[in-house]
Amino acid sequence: MPKRVIMTRVLRDGQQPDGEFDVAFWAQIAPEARLAAAWDCVLDLVRMGRLDESGLRLRRDVVRVERRGR
């Protein structure tokens, strides 16, 4: 089982989040877990009716995908 990451942040009255907390949290999560979390969000959108399930299919108009050299 993957390591569970638990983080908290306290914002004082009038303090606005700056995004640093989110960056620090996701930096601790493995890429596979990030992808799984993103996919869970997509499935939640389908369940809520905000995304058509047919939109989850691979695009048929893409003939070939090439990887560019780095």
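Here, each number is a calculation from the coordinates, and none is a lab measurement. Treat the numbers as computed from the prediction; the structure is a model and nothing was measured. Counting neighbours? That spans all protein chains shown, and the Cβs are built from the backbone with ideal geometry, glycine included.
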In deg cm²/dmol, rounded to the nearest 500, the helical mean residue ellipticity at 222 nm of the chain, built from -39500 (n - 2.57) for every DSSP H run of length 4 or more, is -11000 deg cm²/dmol
Quick one: which of 15-22, 60-67, 4-11 comes out on top by average Cβ neighbours within 10 Å, and what's the full order, highest first? 15-22, 4-11, 60-67
Note, region 9-26: 3J(HN,Hα) by Karplus (6.51, -1.76, 1.60, θ = phi - 60°), whole Hz, Gly/Pro = x, goes 8, 10, 9, 7, 3, x, 7, 9, x, 10, x, 4, 4, 4, 4, 5, 5, 5
For semi-axes √(5λ) of the Cα gyration tensor in Å, one of (i) 42, 19, 6; (ii) 33, 14, 8; (iii) 32, 19, 15 was computed from the structure I shared and the rest are decoys. Which label? (iii)
When the chain is modelled as a GNM with alpha-carbon springs shorter than 10 Å, which of ARG50, ARG12, ARG34 fluctuates the most? ARG12
Please name which of ILE29, VAL63, GLY49 has its Cα lying farthest along the dipole of the chain towards the positive end, using unit charges on Cβ (Lys, Arg +1; Asp, Glu -1) and the Cα centre as origin. VAL63
